[in-house]
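A short worksheet on the structure shown next.
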Amino acid sequence: MEKKHWFKTYIYIWVGQFVSLISSSAVNFAIIIWLSLEFKSAEVLAYAAIAALLPQAMIGPFAGVYIDRWDRKKVMIFADAFIATCTLLMTFTLRDGNIQLNLMYLLMVCRSLGSAFHQPAMQAIAPLIVPEDELLRVSGINQILQSVSSIAGPALGALAIAYLPINQVLYLDVIGAAFAIISLLFISIPYIKSESKASIHQVWRDLKLGFLAIHENKGLNRMFLYSIIATMGIMPVAIMFPLMTIEHFGGNKFEMSVIEIMWGVGMLVGGSLLSIFKVTYRKVLMVNSMHILLGLTFVLSGLLPAKMFIIFVALTAFGGAAMSIFNAVFMTIIQEEIAPNMLGRVFSLYFSFAIIPSLIGLLFAGNIADSIGVANAFIIAGGLGILLGIVSFMTPSLMRLGEKSNTEQVNP
């Protein structure tokens, strides 16, 4: 695509996704406030996270195979529509004020199935539209949009939950999904058509090829491994931010909103730096450094006394910046290392590999919070992140990642 043409196409994508991200962020935060204040239980938060992630992890690899075969624009449209429908059904389960957690978990499972197709398709379209030398900058802008939504979303969610019942707040997500779908109707995304039939044997073969694309690139598979281990340790603790704010620092709705907003501010700063400045040094150094920086913010947060909430706010902003830079650079490395016609299954495999071990930790999140305390959980998770960052710098194959511009790729 010509430069002007690809940029115009991506503006439509950015606008639609931005509205969808803000509405989703608002609804997600409203649900977190509702669950936290209603139950004050890490176990309930953990089960909600499992319901939202497990189906996506289980079917993700198979979804990726079909994403690489189907028109990715249509995949995103139908996935958005399905997720919006599930959210709409969720509003009916809560309209009479009765809390039916099992039914909510079931609808979260259905939403997760839609996300299994939407997220990898969204990541896989960039190399089809964007020139390779602009991929990191586009990833930076994507992080900016997520960051702004992380700032505006919680504020909107807190405002909505203060004046509306939870079932009405959920309509925001439906409106955002509709806007994203409409924006996609105005653009054209290249379609890589697969000549082979989608038989069971062929699906397994394609899935194996996606796995080989990761496995045979030693630097990439080490980067995947360390990121998965970090996610496994950090995710169970990350869902405890509301409990950390409420129990350790004695906060409430306002303080919870501040933490969510400052995380978004940090992400905004991180994404802005990547989009404004041309990165001239190796991306793998940035990935390894962000492991360490994010781990430090968790460790220091856990060590803070209850009276130092303002320092916790600052550390949260630094953590958001580290996560934003890590995500953007990590995704860009994958887009550069893997052939475009395999990105759907590779992203799906990564999301699944990262989520499934994390769910084991989430199952014990309630026991962790009760037995060792939320603050100690932050310290342990942060220490793991720091250790993985150090190990990453000491892994030769990972440190060589990106040295050659003609990295071999596995093609079907």
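Coordinate-derived values only; no laboratory data. Treat the numbers as computed from the prediction; the structure is a model and nothing was measured. Backbone-built Cβ (ideal geometry, glycine too); neighbour counts: all protein chains shown.
For the pairs Lys73/Lys218; Lys74/Lys283; Lys73/Lys208; Lys8/Lys208; Lys253/Lys307, note any where the Cα-Cα span goes beyond 26 Å.
On the way: Lys73/Lys218 32 Å; Lys74/Lys283 32 Å; Lys73/Lys208 24 Å; Lys8/Lys208 36 Å; Lys253/Lys307 17 Å.
Table pairs above 26 Å Cα-Cα are Lys73/Lys218; Lys74/Lys283; Lys8/Lys208.
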Rg/Rg_ref, the range 273-354, where Rg_ref = 2.2 N^0.38 Å and atoms are Cα: 1.36
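Between Asn102 and Arg282, how high is the FRET efficiency from 1/(1 + (r/R0)^6) when r is the Cβ-Cβ distance and R₀ = 45 Å? Nearest 0.05. Walk me through the numbers before you get to the answer.
Working: r = 49 Å, r/R0 = 1.08.
Efficiency at R0 = 45 Å is approximately 0.40.
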Pairwise label distance in nanometres, Ile59 with Glu134, each label 7 Å out on the Cα-Cβ vector: 3.5
Ordering of 46-53, 303-310 by burial proxy (mean other Cβ atoms within 10 Å per residue, highest first): 46-53, 303-310
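For Asn221 and Ile187, what does the FRET efficiency come to when R0 = 41 Å and r is the distance between their Cβ atoms, rounded to the nearest 0.05?
Computed FRET efficiency for Asn221 and Ile187: 0.75.
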Label-to-label distance, nm, for residues given as Ile390 and Val44 (7 Å Cα→Cβ offset): 4.0
